[in-house]
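Okay, so here's the structure we're looking at.
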Amino acid sequence: MGKSRKKVQIVILLMIVILGGYAIISNVNGSGGKPEVGDKAPSFNLLGLDGSVHNLDEYKGKAMVINFWGTWCKPCVKEMPALQAQSEKWKDKDVVVIGINAGEDVMSVDNFVKQANISFPILLDPNKEAIQSYGISPLPTTLFVAADGRIKKIHLGELDLSTLDYEIEQLVSNQ
Amino acid sequence: MIPDILSFKNTKCECGHQNPVGTVLCEACGKPISKEDQESDKLLEMRYDGMARRSQRSTPNMIDRIWNFFSSVKIAVYMIVLTLLGSMFGTIFPQESTFLNIDAATYYPETYGTAGLIYYKLGLSHTYESWWFVLLLVMIGASLVICSLDRVLPLYKALSKRKIRKHMQFLTRQKVVYQTRLDEDEEVWINNIVPALKKRGYRVHTDGSALLAEKYRFSRWGPYILHIGLIIFLLAVLARGLPGLNMDQHLAFPEGEIKPIPNTSFYLKNEKFTVEYYTEDDLPEEFKGKGKMLPKLFQTQATLYECTADCKDPSKEPQLVEVDSHPIEVNDPLNYKGLKAYQFDFDTNPILRSVTPSLIEKKTGKDIGQFKLDIRNPERTYQVGEYTLNLVEKYMDFGMNDLGEPVSISPNPNAPSFLFLIKGPNLPAEGVQYFYFPKQIDKQRFQQDIINEKLAGAYNLFELDVDGMSNVDFSMSTTYLNIRVDKVMPFVWLGSAIGMLGLVMGFYWQHRRIWIRIDEGDLTLAAHTNKNWFGIRKEITVVLQKVNMEVDEKSLDNGGNQV
């Protein structure tokens with residue numbers, strides 16, 4: 001009887017630890033639902049300007065620079081050439097630059113992309129799903145995501161060429 | 001081994017019963033176990049009927065120590081007090097979760113100054129989601145489970161396995177005692193009193209010249225049933241964190257558009273939004289003549305759709321099936337299988353959705369033809385009569401940048417404008433450019449005619465014009481709905497109901513026991529209850545009257561703290 005009682009005690013204590021641990025972790029991580037540095041980049045499923053659907057899986061194993069932007073946002077437009085230049089420079093080193101447009105229509109985005117000669121993938125987010133899951137408030141916001149899918153840095157506001165270069169270098173060298 | 005043997009020796013009662021470590025009163029006959037207690041003549045400690053708590057050991061190991069920590073009521077009280085204090089801190093300033101969209105790091109210092117900064121830095125702006133608060137709740141939950149288990153099993157045993165003839169000390173040291181000399185035959189007297197006790201609702205067990213009468217034992221389980229209710233309540237609250245069980249979001253639905261509800265397979269269409277305002281006469285005195293507009297009613301006629309195929313593929317149109325429709329008003333949400341849409345707010349600024357302009361030859365005023373121009377998702381080319389209109393550029397909110405180039409200054413269709421390239425008879429082969437502002441106010445503000453004259457020069461032969469309001473499609477208003485899913489609510493109610501049942505059981509009934517033993521004509525009667533001692537004393541006098549014994553109610557009182 002003593003032995004079975006001890007087993008019951010251990011089982012109950014274990015259940016409390018598991019349930020309690022789950023409760024604490026889900027509550028602490030779940031606050032606001034906004035991913036932070038060190039978290040996994042939330043997945044998305046968005047239509048690209050190329051007409052096909054893109055998600056995080058196809059960039060598995062690659063470092064990512066995810067830029068949230070809009071054609072009407074001046075600093076976003078200003079930093080586009082820098083993003084374009086860096087996307088070409090790092091292309092062969094397993095770094096992808098992805099632009100996610102914040103809720104505009106295809107034509108506005110398409111016109112802009114053609115004018116600005118942008119070749120990196122541009123995704124459309126008409127229902128602002130990614131904007132919401134990434135908790136983006138000001139534009140532009142740029143996330144630097146390491147090859148393991150974890151967010152290394154979140155940059156709010158305009159990026160210049162050298163900062164961008166430095167951040168990508170950090171991202172690649174850390175692997 | 002040796003302490004075990006010693007403890008065995010110590011807990012064996014003279015009646016032959018082997019008691020577990022920590023027992024205060026013998027489980028069988030009720031005689032006090034410890035020597036000091038046996039020599040004392042104070043009232044007995046009847047808590048848990050003198051049983052050992054389940055986890056009490058002579059040599060506790062690590063697990064026993066943890067178990068004993070949570071088993072302690074004192075610790076539980078401390079944890080509850082700490083939780084109450086924590087909850088109080090959380091109410092000093094509004095919690096982050098009460099705001100829809102703020103940056104907490106700047107909001108608190110800006111609104112509340114240094115105190116706000118400290119509040120935010122301490123993490124009190126999200127008290128109820130902080131690790132320490134949840135840990136306290138988890139520990140209270142653990143304490144509830146372990147306290148209950150540790151007490152309810154021994155108590156059950158104590159109340160079901162017992163001797164009817166109790167030890168003399170057990171009887172004389174109760175709070176209600178009556179002793180007298182009996183002249184009648186012992187067993188006859190016992191048999192006489194049995195019906196009187198039964199009439200009062202007692203269950204009576206006899207053993208020769210000893211008797212035990214008992215009623216409302218179930219009230220002893222009240223606290224434990226309350227604990228079960230509380231545990232269900234706590235588990236339900238914790239389960240809210242599981243995906244799909246809880247959702248709370250605020251979404252905008254412009255009239256006439258089907259919009260997806262994120263993280264669900266549902267889409268909602270605001271068919272029509274109506275708002276009625278109070279007339280000037282209906283307004284209270286203090287609002288009259290101030291031009292205040294107070295809404296009397298706002299209602300969203302909503303249709304809910306469920307996506308059946310192509311839901312996750314943005315390159316395809318989702319296939320929707322209508323599942324529900326409801327006129328949503330404040331406090332009257334749409335409710336479909338636990339998904340609720342509450343009326344939250346509205347915006348009556350109309351949004352231009354599409355226009356159907358005519359291409360008109362300026363000189364003759366001849367109407368060449370119409371086409372429908374969707375503001376948000378226009379076509380690239382339109383064919384009007386013999387003319388082709390290529391849409392070159394569009395701006396949702398027309399403006400100029402620092403270089404004087406046309407740009408969109410926001411993503412909202414505040415001042416939509418379109419640049420067409422018109423080709424056709426009487427026009428140059430490369431076409432002429434034509435700027436079109438669908439909104440009349442923008443036409444004047446941005447001087448559409450002057451722009452077009454500059455762009456087309458001599459070929460400024462055509463214009464786009466909307467003929468009447470029937471050719472303009474507005475979304476008249478936008479409704480804001482609060483979309484909620486709360487699947488754990490039934491369990492919260494269930495937990496509360498069970499808890500309430502436990503409370504009622506414990507509060508409105510008392511477990512009453514009366515013991516009687518007669519030793520060669522000496523009658524000893526003792527009684528125990530967990531509350532309402534006055535009631536049990538009165539009951540005993542009534543019962544004794546039935547066997548022709550007049551006893552003064554007060555003389556039954558054996559001292560002690562009796563309520």
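For (1) assigned by TED's automatic domain parsing to the domain that holds A:K114; (2) modelled with pLDDT under 85, each residue gets a yes or a no:
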residue	(1), (2)
A:G2	no, yes
A:K6	no, yes
A:V17	no, no
A:V28	no, yes
A:D39	yes, yes
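Considering the stretch B:181-220 alone, what residues qualify as being surrounded by 14 or more Cβ atoms within 10 Å (Cβ to Cβ) and in a strand (DSSP E or B)?
B:V204, B:T206, B:A210, B:L211, B:L212, B:A213, B:E214, B:K215
Answer yes if at least one residue in the stretch B:168-179 is in contact with a helix residue (DSSP H, G or I) (Cβ under 9 Å, 6 or more places away or on another chain), in contact (Cβ under 8 Å) with a residue 12 or more places away in the chain and among the aliphatic types (A, V, I, L, M), and no otherwise.
Yes, the conditions are met somewhere in the stretch B:168-179.
Being within 14 Å of chain A (Cβ to nearest Cβ), among the hydroxyl-bearing types (S, T, Y) and not in a loop (DSSP other than H, G, I, E, B) is the filter here; which residues of the stretch B:406-435 pass it?
Scanning the stretch B:406-435 gives B:S408, B:S417.
Which members of the stretch A:98-127 meet the condition of being hydrophobic (A, V, I, L, M, F, W, C), assigned to a strand (DSSP E or B) and farther than 22 Å from B:L373 by Cα?
A:I98, A:I100, A:I122, A:L123
Within the stretch B:295-305, does at least one residue satisfy the condition of being closer than 20 Å to B:F253 by Cα, touching a Ser or Thr at 6+ places or on another chain (Cβ under 8 Å) and surrounded by fewer than 16 Cβ atoms within 10 Å (Cβ to Cβ)?
The answer is yes; a qualifying residue exists.
Examine the stretch A:77-89 for a residue that is more than 11 Å from chain B (Cβ to nearest Cβ), in a loop (DSSP other than H, G, I, E, B), loosely packed, with under 14 Cβ neighbours inside 10 Å and not basic (K, R), and state whether such a residue exists.
The answer is no; no qualifying residue exists.
Determine if the stretch A:108-116 includes at least one residue that is surrounded by fewer than 17 Cβ atoms within 10 Å (Cβ to Cβ), under 14 Å from A:A41 (Cβ atoms) and touching a Pro at 6+ places or on another chain (Cβ under 9 Å).
No, the stretch A:108-116 has no match at all.
Free of Cβ contacts under 8 Å to residues at least 12 places away in the same chain, in the same structural domain as B:V134 (by TED's automatic domain parsing) and closer than 25 Å to A:I12 by Cβ, is that true of B:V81?
Criteria met by B:V81.
Which numbered condition in (1) buried (at least 16 other Cβ atoms within 10 Å of the Cβ); (2) within 11 Å of chain B (Cβ to nearest Cβ) is the only one that A:P42 fails?
That leaves (2) as the condition not met.
Check every one of the strands (runs of 3 or more DSSP E) wholly within the stretch B:284-362 and list those with 3 or more residues that are out of contact with any helix residue (DSSP H, G or I) (no Cβ under 7 Å at 6 or more places or on another chain) and among the charged types (D, E, K, R).
The qualifying strands (runs of 3 or more DSSP E) are B:339-347.
Quick check, is B:S143 among the hydroxyl-bearing types (S, T, Y), within 30 Å of A:Q9 (Cβ to Cβ) and assigned to a helix (DSSP H, G or I)?
So B:S143 passes the test.
Only residues in the stretch B:311-336 that are away from chain A (no Cβ under 14 Å) count as the first member; pair them with residues that are modelled with pLDDT of 90 or more and part of a loop (DSSP other than H, G, I, E, B), Cβ under 9 angstrom, at least 6 apart or cross-chain, and list the lot.
Within 9 Å, the pairs are B:H326/B:P333.
The values are calculated or read from the model by the stated rules, or taken from the named source; none is laboratory data. These numbers come from a predicted model, not from an experiment. Because the Cβ atoms are built from the backbone with ideal geometry, glycine has one as well, and the counts that use them run over all protein chains shown.
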